[in-house]
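Input: a single structure, listed below in structure tokens.
The values are calculated or read from the model by the stated rules, or taken from the named source; none is laboratory data. From a predicted model like this one, the values you see are computed outputs, not experimental measurements. Glycine also receives a Cβ, built like all others from the backbone with ideal geometry; neighbour counts cover every protein chain displayed.
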Amino acid sequence: MSQAENSFTIRVDMENENSNMTYEYYVNGELKARTSSNEYTQEVELESKEPYLPSGFRHTTGDVNNGYVIRDTSNGNEFVWVPVGGKNYTIYVKASDGKNINLQSNEIDVAVSELTRIINGYTYDNWYEEEGDINDKKSIAYFKKSVAENGGFYMGRYEMGMPNQQSGLAFSREARNIRGVPVCKANEMPWNYIDWSTAKANLESMYNGEVQSAMMNSYARTTTLNWFVSSGAKTISELMNSSASFGIYNDSHMEFKGGYSNPDGNGGYVEDYISIMEVNNMVANGFCFIETGANTRPANVNAINNIFDLAGNTAEWTTEKRKDSGNYRLSGGCCESYSYAHPIIDTSLELSGTIGTGTASSRPILYK
């Protein structure tokens with residue numbers, strides 16, 4: 001069985017088939033075709049749905065077109081709804097030669113949606129993801145099914161943060177590459193120096209009930225970028241070229257209030273507006289990145305449809321793995337790389353999954 005946008009194809013391969021077989025294709029219990037062909041393509045009509053509101057969350061700002069934000073009332077975590085048209089189907093096939101052979105296939109569940117790993121014709125051929133068991137809520141297979149059924153998913157509004165760590169924490173893997181429950185809210189220090197597997201496990205631990213949290217995968221990220229275009233928030237050209245006009249980086253000038261730096265190896269908290277020259281000096285001696293959700297001037301310049309810093313600040317671990325390698329993809333660029341080197345559509349950043357760096361974090365997704 002293969003799947004294409006707005007259609008899926010069923011190909012029959014059952015024991016005891018012969019050239020005289022007639023096939024009946026049933027979709028959601030309805031006979032759709034009776035034919036001698038062992039292949040059938042079903043066109044589908046994808047459905048759009050309103051965002052669901054998980055228990056314990058409330059809607060705070062925005063709408064479906066420009067970023068519908070929800071907040072966990074118990075801890076302040078925030079997520080933004082990414083609308084995705086979709087629908088689930090149950091399929092089975094009957095086959096008969098009109099004489100002695102009468103066969104019926106097992107039922108197969110098919111999730112069809114606008115989730116995609118393609119943007120502007122580009123496919124991430126050098127990367128792959130383990131989609132896993134569709135019955136495992138932490139798997140990408142389950143995520144795809146959920147999105148098709150529920151009409152979308154929630155993207156973390158911010159990069160994953162290490163709770164209660166605004167300043168004074170040693171910048172080291174020993175101190176930060178640890179298990180714990182991240183936060184996804186403003187004014188937190190991004191959880192950096194964390195390796196891929198620890199980040200993935202921590203993100204999956206945030207929610208394990210009515211909704212499931214997970215590390216951002218390529219379908220979630222690429223579909224979100226396509227939504228930026230379809231909603232009119234950004235053009236493909238803006239996403240593929242310099243992120244200077246909407247990221248935290250600017251090719252000629254950058255100012256922000258608050259942030260974190262490590263210019264002398266001791267760690268520090270930047271409390272005033274600083275210039276791009278000062279940032280360059282920090283980067284030359286260490287690194288500099290801002291707290292989650294920081295408002296640069298003009299305000300919210302680093303947010304698109306209410307999602308902050310997909311264009312930068314820290315690079316973000318994704319579930320994509322380089323083929324024939326132990327490296328995992330880091331998306332979105334980071335504070336050590338200018339926006340023109342690694343714009344929001346980026347395919348070249350990667351790192352061994354066993355290494356955590358000062359400029360790499362990740363981001364949660366949330367789904368039903």
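For the stretch 75-95, give me the residue count where each residue is modelled with pLDDT of 95 or more and of a type in the set (Phe, Trp, Tyr).
Of the residues in that region, 2 qualify.
Whether any residue in the stretch 43-54 is over 24 Å from GLU149 (Cβ atoms) and in contact with an Asp or Glu (Cβ under 9 Å, 6 or more places away or on another chain) is what I want to check.
Taking every residue of the stretch 43-54 in turn, none turns out to be over 24 Å from GLU149 (Cβ atoms) and in contact with an Asp or Glu (Cβ under 9 Å, 6 or more places away or on another chain).
Restricting to the stretch 134-150, name every residue that is part of a loop (DSSP other than H, G, I, E, B) and at pLDDT below 95. Spell out how you get there, then give the answer.
Taking the stretch 134-150 as the starting set, the residues that turn out to be part of a loop (DSSP other than H, G, I, E, B) are 134-139.
Passing the criteria: ILE134, ASN135.
Residue-by-condition table, conditions (1) of a type in the set (S, T, N, Q); (2) surrounded by fewer than 21 Cβ atoms within 10 Å (Cβ to Cβ):
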site	(1), (2)
TYR68	no, no
ARG71	no, yes
ASN75	yes, yes
VAL84	no, no
ASN88	yes, yes
ILE108	no, yes
VAL112	no, no
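Which number in (1) under 20 Å from the mean Cα position of the chain (by Cα); (2) free of Cβ contacts under 8 Å to residues at least 60 places away in the same chain marks the one condition that THR41 misses?
The failed condition is (1).
For residues in the stretch 197-228 being part of a strand (DSSP E or B) and of a type in the set (S, T, N, Q), which is nearest to the chain's Cα centre (by Cα)?
Per the criteria, the residue is SER213.
Could you please find all residues in the stretch 123-138 being free of Cβ contacts under 8 Å to residues at least 12 places away in the same chain and more than 17 Å from the chain's Cα centre (by Cα)?
Filtering the stretch 123-138 down to residues free of Cβ contacts under 8 Å to residues at least 12 places away in the same chain leaves 123, 125, 132-133, 135-136.
ASP125, ASP133, ASN135, ASP136, listed by residue number.
Given the options LYS145, LYS234, name the one that is more than 23 Å from ASP346 (Cα to Cα) and crowded, with 18+ Cβ neighbours inside 10 Å. Can you show your working first?
Values: LYS234 fails: more than 23 Å from ASP346 (Cα to Cα).
The unique qualifying residue is LYS145.
Among the aliphatic types (A, V, I, L, M) and at pLDDT 75 or above: does that describe ALA284?
no
If you go through the stretch 259-276 one residue at a time, do you hit one that is assigned to a helix (DSSP H, G or I), more than 22 Å from PHE79 (Cβ to Cβ) and modelled with pLDDT under 95?
There is at least one residue in the stretch 259-276 that is assigned to a helix (DSSP H, G or I), more than 22 Å from PHE79 (Cβ to Cβ) and modelled with pLDDT under 95.
Looking at MET160, is it in contact with a Ser or Thr (Cβ under 7 Å, 6 or more places away or on another chain), surrounded by 15 or more Cβ atoms within 10 Å (Cβ to Cβ) and not small (Gly, Ala, Ser)?
yes
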